[in-house]
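Encoded as structure tokens, the structure appears first; notes follow it.
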């Protein structure tokens with residue numbers, strides 16, 4: 001927060017409050033997933049967040065080209081919804097990775113995985129950041 005002093009000029013930069021505001025709502029895990037941790041904050045026109053999920057469903061195995069059936073893993077709180085559909089990288093237990101599609105309605109779909117890799121009883125981690133205004 002700006003500490004106003006006598007003689008200071010009012011500018012757009014000084015009016016912006018870059019104090020991080022933590023997000024208090026959390027994602028909703030999809031079937032087969034459970035929420036392990038979530039952190040998020042808004043600061044200076046930017047929203048950033050990270051989620052860790054535990055997977056305990058049937059093993060998901062990628063084809064030789066890395067394709068998997070689109071798998072809903074969670075739905076983000078509305079504070080974290082992107083303005084346009086976007087893709088991020090997710091990590092599986094620090095061993096392999098794939099792409100996750102972030103939908104404008106907050107749904108997160110696992111779409112690819114490193115060829116012939118699988119997700120068994122593992123953790124899935126990903127995050128994103130975007131401008132909010």
Output for segment 2-59, where each listed residue is at pLDDT below 80 and on the phi > 0 side of the Ramachandran plot: 7, 44, 45
Mind telling me which of the residues 115, 82, 27, 77 ends up being touching a residue at least 24 places away in the same chain (Cβ under 8 Å) and in contact with a helix residue (DSSP H, G or I) (Cβ under 8 Å, 6 or more places away or on another chain)? 27
Selected residue (criterion: farthest from residue 51 (Cα to Cα)) from residues of segment 92-121 that are in a loop (DSSP other than H, G, I, E, B) and within 12 Å of the chain's Cα centre (by Cα): 103
Considering (1) part of a strand (DSSP E or B); (2) out of contact with any helix residue (DSSP H, G or I) (no Cβ under 6 Å at 6 or more places or on another chain); (3) closer than 25 Å to residue 25 by Cα, say which one residue 68 fails and leave the rest. (3)
Collect the residues in segment 71-91 that are closer than 23 Å to residue 120 by Cβ and outside any strand (DSSP E or B), keeping them in residue-number order. none
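Residue-wise test of (1) modelled with pLDDT under 95; (2) surrounded by 15 or more Cβ atoms within 10 Å (Cβ to Cβ); (3) out of contact with any strand residue (DSSP E or B) (no Cβ under 8 Å at 6 or more places or on another chain); (4) under 19 Å from residue 40 (Cβ atoms).
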{"site": "91", "(1), (2), (3), (4)": "no, yes, no, yes"}
{"site": "99", "(1), (2), (3), (4)": "no, yes, no, no"}
{"site": "103", "(1), (2), (3), (4)": "no, yes, no, yes"}
{"site": "120", "(1), (2), (3), (4)": "yes, no, no, no"}
{"site": "127", "(1), (2), (3), (4)": "no, yes, no, yes"}
{"site": "130", "(1), (2), (3), (4)": "yes, yes, no, yes"}
Of the numbered conditions (1) surrounded by fewer than 19 Cβ atoms within 10 Å (Cβ to Cβ); (2) in contact with a strand residue (DSSP E or B) (Cβ under 8 Å, 6 or more places away or on another chain), residue 74 satisfies every one except a single condition; which is it? (1)
Can you find, within segment 30-46, the residue that is farthest from residue 107 (Cα to Cα) among those that are out of contact with any helix residue (DSSP H, G or I) (no Cβ under 8 Å at 6 or more places or on another chain) and buried (at least 17 other Cβ atoms within 10 Å of the Cβ)? 38
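The values are calculated or read from the model by the stated rules, or taken from the named source; none is laboratory data. Since this is a predicted model, take the numbers as computed values, not measurements. When we count neighbours, we look across all protein chains shown, and the Cβ atoms used for this are built from the backbone with ideal geometry, even at glycine.
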